[in-house]
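Read-outs throughout are calculated quantities, based only on the coordinates presented, and are distinct from any laboratory measurement. Predicted model only: the values in this text are computed from it and were never measured. Cβ placement follows ideal geometry from the backbone for every residue including glycine, while neighbour counts extend to all protein chains displayed.
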Amino acid sequence: MAAPKKKASAKVKAKTKTKAKAKAKTKTRARKAPAKKAPPKKTAPDEAQARPAPTTPALERASSALEKLQKAIAKEKKQLEAARKKVLRSRKKATRSKAAGDRRIAKSAAAASARKSARVKALRERIAKATDRVAETRIKARLKAEQLAAKEKVLQKRVELVAKAEVDKAKALAAEAERWAKKRARSDSKKLAALEKKVARQLRLAERKAEAKLKALLGDAAPKKTAPAKKKSTAGKKAAVRKKAAPKRKAAAKKAPAKKKAPAKRKAAVKK
């Protein structure tokens with residue numbers, strides 16, 4: 001009876017051990033929780049990726065032709081698989097029956113599958129050419145788009161430069177006008193200063209002359225008795241001048257009657 005009890009106690013101990021292990025595992029998991037990974041940084045898309053894919057009429061035509069060929073080859077592949085399965089079935093049947101009709105059916109099925117494979121091969125070649133054409137047209141379209149983008153960039157830069165040039169021109173003209181105004185103001189101030197000095201000099205000279213005249217008048221006002229003697233001497237000089245001028249007047253008076261003879265000659269001419 002003691003042996004079953006020992007077995008039961010062993011089972012209980014095993015259960016408790018498993019429960020303790022499970023609890024320990026849960027605790028360790030709770031403690032060692034995995035750190036949250038930081039989300040990946042979003043990289044800025046390149047200019048080529050950001051731009052939409054360039055499209056042109058030629059590229060659209062080439063891509064549509066390629067799509068049609070891909071659909072056709074998918075259909076042909078399905079038919080080829082069916083033909084190959086048919087060939088296998090017909091060959092198995094022909095080997096089993098060894099009849100001439102079954103052999104002919106197997107040969108016709110093989111010929112049909114060969115035609116289908118040839119057609120698939122031709123379609124593959126056409127698809128390869130079409131893919132090359134699409135790639136070429138895509139490259140050309142991309143190059144054309146890049147050229148147009150470059151032209152637009154140049155035009156935009158030109159417009160910006162023209163606007164900036166106008167602003168800089170206005171600033172330069174304003175600065176030049178300010179410099180010219182300052183220079184002109186300096187030159188005008190110098191001219192005014194020179195004119196003021198000249199006028200002041202003239203005024204000083206005029207004042208000196210006026211003072212000299214006043215002094216002369218004030219100095220000549222006292223000795224007035226000597227003035228008549230000077231007048232006599234001047235009167236004598238005037239009489240001498242008159243005597244010298246008298247013979248000239250007489251000579252002029254003698255010459256004057258000769259001029260009056262001209263009307264007599266005219267009268268004589270009238271009588272003739």
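Quick notes on this one:
- Under 15 Å of direct C-alpha separation, and excluding same-chain neighbours fewer than eight residues apart, residue 75 reaches these aspartates and glutamates: 67.
- For the peptides 153-162, 100-109, residues were scored by their other Cβ atoms within 10 Å and the scores averaged per peptide; the highest-first order is 100-109, 153-162.
- Least to most buried among 97, 113 (fewest other Cβ within 10 Å first): 97, 113
- Rough spin-label spacing in nm, given labels placed 7 Å along Cα→Cβ, for residue 125 and residue 200: 11.2 nm
- Pairs over the 23 Å Cα-Cα cut-off, from the set 78/121; 71/116; 68/129; 86/121: not a single one.
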